[in-house]
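Notes to accompany the following structure.
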Amino acid sequence: MQMAFQHLAQTDALTGISNRDYFTKHAEQALSDASKKNKLRGLIMFDLDNFKSINDHYGHSTGDWVLKQVIEACKPICRKEDCIGRIGGEEFAILLHGSDLESATLMAERFREQIAAINTSDTGHNFNATASFGVTTTLRSGYMFDSLLSHADQALYRSKHEGRNRVSIFQA
């Protein structure tokens, strides 16, 4: 029973991945361990493009379907040691273990392609689901979770401002 409650406390009910609180705690611990061992970590943040218009035009049940499909599209790309979490409504983060900037960027590009390939016809509607990405690493942003998250978020918003459905790298 206690394990069931713990799982509920750590999991986003809709998508089945880590909720923001658990993701943050896990990331902070992983970054602390990595810092002591001088190991690389990467952080990818992504936000679904024009998600509000999906909810407004097709309904919240369709929006929920999209969120679930996004995670299903991303899971096969995540490695066992990586951690994915839902940070906000349509915003997600992935902590990558042992990833330099090039490999983190390549993974973000794979996530972007998988999301863009989601077939929405099962909803009874045809529309595109895309996402904008921001990438950073501990070499660029250090081992403090708040700095990594902030820097990945800055890169994500650069992707949004430059046309959406793209990957941007944090520039110091």
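Every number in this text was worked out from the coordinates using simple rules, so none of it is lab data. Bear in mind that the values here come from a model prediction, so they are computed numbers and not experimental data. Neighbour counts are summed over all protein chains in view; Cβ atoms, including those assigned to glycine, are modelled from backbone coordinates with ideal geometry.
Residue 36: which aspartates and glutamates have alpha carbons under 16 Å from its alpha carbon, excluding same-chain residues fewer than 8 sequence positions away?
Candidates past the 8-residue exclusion: 28.
Could you tell me what percent of the DSSP beta bridges with both partners in the stretch 18-169 are antiparallel, to the nearest 5?
80 percent
Residue separation times 0.36 nm, minus the C-alpha to C-alpha distance between residue 6 and residue 60: what's the value?
Stretched fully, the residue 6-residue 60 segment lengthens by 16.7 nm.
Round to the nearest 0.05 the FRET efficiency obtained for residue 171 and residue 50 when R0 = 22 Å and r is the Cβ-Cβ distance.
0.30
With r defined as the distance between the Cβ atoms of residue 102 and residue 162 and R0 fixed at 30 Å, what FRET efficiency is calculated, to the nearest 0.05?
For residue 102 and residue 162, the calculated efficiency is 0.90.
Angle, helix 145-161 long axis vs. longest principal axis of the chain, Cα atoms, 0 to 90°, nearest 10?
The angle comes out at about 40 degrees.
Among 53, 121, 69, whose Cα lies farthest out toward the positive end of the dipole of the chain, if unit charges sit on the beta carbon of Lys, Arg (+1) and Asp, Glu (-1)?
69
What is the chain's relative contact order, in percent, from Cα pairs under 8 angstrom and six or more apart in sequence?
26 percent
Place a +1 charge on the Cβ of each Lys and Arg in the chain and a -1 charge on the Cβ of each Asp and Glu, then give the dipole magnitude about the Cα centre in debye, rounded to the nearest 20.
The dipole magnitude comes to about 400 debye.
Of the labelled options [x] 15.8, 51; [y] 16.2, 56; [z] 25.4, 73, which one gives Rg and Dmax of the Cα atoms in Å as computed for this structure?
Structure-derived value, by its label: [x].
Using a cut-off of 23 Å between alpha-carbon atoms, which lysines can reach residue 75, once sequence neighbours fewer than 8 places away in the same chain are excluded?
Excluding near neighbours in sequence, the set is 25.
Could you tell me the relative contact order of the stretch 82-172? Use alpha-carbon pairs under 8 Å, at least six residues apart, and round to a whole percent.
Across the stretch 82-172, relative contact order equals 25 percent.
Go ahead and estimate [θ] at 222 nm for the chain from helices alone: -39,500 (n - 2.57) per DSSP H run with n ≥ 4, summed, over the residue count, rounded to 500. Write out the running numbers ahead of the final one.
Numbers: 7 runs with 87 residues, N = 172.
After summing the helix terms and dividing by the residues of the chain, the value is -16000 deg cm²/dmol.
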